[in-house]
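One structure is given below, encoded as structure tokens.
The values are calculated or read from the model by the stated rules, or taken from the named source; none is laboratory data. Note that this is a predicted model, so its numbers are computed, not measured. Heads up, the Cβs are rebuilt from the backbone with ideal geometry, glycines too, and the neighbour counts pull from every protein chain shown. Calculation scope for accessible area: heavy atoms of the full protein, side chains included, ligands and nucleic acids excluded. Shrake-Rupley method; radii C 1.70, N 1.55, O 1.52, S 1.80 Å.
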Amino acid sequence: MVFENRKDLLGMKGLGADEITAILDVAVPMKDIISRDIKKVPPLRGKVVVTLFYEPSTRTRTSFELAGKYLSADTVNLAVTTSSVQKGESLRDTIKTIEVMGADLIVIRHSMSGVPHYVARNTSMRVINAGDGVNEHPTQALLDMFTIRERKGTLEGLTVAILGDIRHSRVARSNIFGLQQFGCRLRAIGPPTLMPPGLESLGVEVFHSLEDGLEGVDVVNVLRLQRERQQQGLFPTLEEYAARFCLTPERLRPARPDVLVLHPGPMNRGVEISGALADSAVSAINEQVTNGVAVRMALLYLMMGGARDEIAG
Amino acid sequence: MKVVEKARIMDEAAMRRALTRISHEVVERNKGVADVALIGIRRRGGPLAERLAARIQEIEGVRVPVGLLDITLYRDDLTTLASQPMVRRTEVPFDITDRVVVLVDDVLYTGRTVRAALDALIDLGRPKCIQLAVLIDRGHRELPIKADYVGKNVPTSSNEIVTVRVVEIDGKDEVVIEELVEDQQSL
């Protein structure tokens, strides 16, 4: 199985199609549990999950917490603003403290790329990367892929466009690595200032206009525009960005008639996506949130059962 | 180690007759099937539950609801296994509260699967009662669990394996007793 020889989930890079498929397959029965009257099953009784977020988050952190609770794990959220981190405790000491209290798995988000990898090397706990800098956000990619597979029936051979600030997006990177395992054709759409160098060498087609980029696509994943990028001079004003790149029902016309629109949230309505489109039937934005819990349940289940001693630390 | 077939204890006809008898027993015990629902335990309990439902329909003219239970998340050995077993969907598209639920499985052995199934069922609702139907009871119980309907009682030793095959999954209907033997013996 997926985590037989793998202690941590640090990124989509290096995960094979068979491993991704196994995770998504387990997420299907997990999703059923969320809609039951009694949203609790027992497999992780006695296991402890700690979330440690050095960046703000509602949906990712809450969704890990609920995923753990639905599987009967005990979940603890460490709020960095009220913890000893404020007294200058080093990351390594914080991690060690959590480890010796008996936690089995830690979910970590940090503004610096590579932090989860550093943590993983320095602890016997299992580690899930919940977003590190501009590197990866693997659980977001998995829930996007779950949503696409659920709506389209398959991932194989789809054309997927990612729209917006690709340059600073860990969501985009994780999606690219994951979707490429299934032979998807990938496109990136956005202004040149928000495109990372070397995107073409990853096999991604780059477009600077919505009309060209959306031609015939099966899926559009709209990224959130971070307002602080404006101060860096990467686009002039939100209004100007929206004038060219805000996705609306009209602008979606070149896409396939059965196009699916995703957004990782939180949305800036009227900036990267219009409210009308976000609330329409082609959008799966609310469904993505539910699927996020299901996919994280699948991961926690797959990573935490079994005899831990057998996994190389 | 390899698996050697020792005996074929049921063929297609024997399985058909056993399931027909169990169907009659379910109807008789419950004085009809007004509240009855059949729930098969994945995987081979599923096809067996479907067949019982078809027989009951022939007898009573009523189609009883049929569901499918995956008990993986309720197993008591999850923390001891090297890697996590695959989870499949539980498909019970009706409310089990106040129904007579007949759990259906292929082989009753230690009783641990049934224990897990009871917990899984109770998380779905509160049945009026739960009964247990199995094609084979091979003994060696480790929990205080007993079947209400049994196709065939088969005394076995614990190093033997009872394998039930069904057309829907395995391409044929039969029950065989197999044993694990050292490879050297066959050389």
Just one of the numbered conditions (1) open to solvent by 10 Å² or more (accessible area, probe 1.4 Å); (2) within 14 Å of chain A (Cβ to nearest Cβ); (3) under 16 Å from the mean Cα position of the chain (by Cα) is not true of B:A116; which one?
(1)
Would it be correct to say that A:E89 is more than 14 Å from every other protein chain (Cβ to nearest Cβ), open to solvent by 30 Å² or more (accessible area, probe 1.4 Å) and more than 15 Å from the chain's Cα centre (by Cα)?
yes
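Of everything in the stretch B:95-108, what is without any contact (Cβ under 8 Å) to a residue 60 or more places away in the chain and either open to solvent by 40 Å² or more (accessible area, probe 1.4 Å) or at the interface with another protein chain (Cβ under 8 Å from one of its Cβ atoms) (or both)? Give them in sequence order.
Let us first name the residues in the stretch B:95-108 that are without any contact (Cβ under 8 Å) to a residue 60 or more places away in the chain, namely B:95-97, B:107-108.
Within the stretch B:95-108, B:D95, B:T97 meet the criteria.
For the stretch A:69-95, give me each residue that is more than 30 Å from B:A120 (Cα to Cα) and among the acidic types (D, E).
In the first step, residues of the stretch A:69-95 are kept if they are more than 30 Å from B:A120 (Cα to Cα); the result is A:78-95.
Listed by number, the residues that qualify are A:E89, A:D93.
How many residues are exposed (fewer than 15 other Cβ atoms within 10 Å of the Cβ) and within 13 Å of B:D148 (Cβ to Cβ) if we restrict to the stretch B:26-40?
Taking the stretch B:26-40 as the starting set, the residues that turn out to be exposed (fewer than 15 other Cβ atoms within 10 Å of the Cβ) are B:28-29, B:31-32, B:34-35.
Checking which are within 13 Å of B:D148 (Cβ to Cβ) leaves us with B:28-29.
Adding up the residues that qualify gives 2.
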Out of the residues in the stretch B:156-184 that are outside any strand (DSSP E or B) and under 17 Å from B:A18 (Cα atoms), which is most open to solvent (accessible area, probe 1.4 Å)?
B:K172
Identify, by number, the condition in (1) open to solvent by 50 Å² or more (accessible area, probe 1.4 Å); (2) part of a loop (DSSP other than H, G, I, E, B) that A:L66 doesn't meet.
(2)
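Among the residues of the stretch B:70-85, which ones are of a type outside the set (S, T, N, Q), at the interface with chain A (Cβ under 7 Å from one of its Cβ atoms) and either touching a residue at least 60 places away in the same chain (Cβ under 8 Å) or open to solvent by 40 Å² or more (accessible area, probe 1.4 Å) (or both)? Outline the logic, then answer.
Just the residues of the stretch B:70-85 that are of a type outside the set (S, T, N, Q), to begin with: B:70-71, B:73-78, B:81-82, B:85.
Okay, now just the ones that are also at the interface with chain A (Cβ under 7 Å from one of its Cβ atoms), so B:70, B:73-74, B:78, B:81-82.
B:L81, B:A82 - these are the residues of the stretch B:70-85 that are of a type outside the set (S, T, N, Q), at the interface with chain A (Cβ under 7 Å from one of its Cβ atoms) and either touching a residue at least 60 places away in the same chain (Cβ under 8 Å) or open to solvent by 40 Å² or more (accessible area, probe 1.4 Å) (or both).
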Residue tally, condition in contact with a His (Cβ under 7 Å, 6 or more places away or on another chain) and at pLDDT below 95, over the stretch A:225-275
2
Taking the stretch B:119-143 only, how many residues are away from chain A (no Cβ under 14 Å), surrounded by fewer than 15 Cβ atoms within 10 Å (Cβ to Cβ) and within 27 Å of B:V33 (Cα to Cα)?
2
Assuming B:R63 fulfils every condition listed in (1) among the charged types (D, E, K, R); (2) more than 8 Å from chain A (Cβ to nearest Cβ); (3) closer than 21 Å to B:L132 by Cβ apart from one, which condition is it?
(3)
Starting from residues that are within 13 Å of A:I108 (Cα to Cα) and open to solvent by 60 Å² or more (accessible area, probe 1.4 Å), keep the ones in the stretch A:45-63 and report whichever is modelled with the lowest pLDDT.
A:P56
Do we find a residue being assigned to a helix (DSSP H, G or I), among the aliphatic types (A, V, I, L, M), within 14 Å of chain B (Cβ to nearest Cβ) and farther than 23 Å from A:K96 by Cα anywhere in the stretch A:39-52?
no
Looking at the stretch B:8-59 only, could you name the residues that are without any contact (Cβ under 8 Å) to a residue 40 or more places away in the chain, under 21 Å from B:C129 (Cα atoms) and touching a helix residue (DSSP H, G or I) at 6+ places or on another chain (Cβ under 7 Å)?
B:S23, B:H24, B:V27, B:G32, B:V33, B:I56
Residue list for the stretch A:5-31, restricted to those being over 28 Å from A:H110 (Cβ atoms) and surrounded by 15 or more Cβ atoms within 10 Å (Cβ to Cβ)
A:T21, A:D25, A:V28, A:P29, A:K31
Residue among A:L10, A:L66, A:L24 that is within 18 Å of the chain's Cα centre (by Cα), within 21 Å of B:R89 (Cα to Cα), more than 14 Å from every other protein chain (Cβ to nearest Cβ) and touching a residue at least 24 places away in the same chain (Cβ under 8 Å)
A:L66
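Taking helices (runs of 4 or more DSSP H) that do not extend beyond the stretch A:195-313, which have at least 1 residues that are acidic (D, E), open to solvent by 30 Å² or more (accessible area, probe 1.4 Å) and without any contact (Cβ under 8 Å) to a residue 60 or more places away in the chain?
Values: elements: A:210-213, A:228-231, A:238-245, A:275-278, A:285-304.
The helices (runs of 4 or more DSSP H) meeting that bar are A:210-213, A:228-231, A:238-245.
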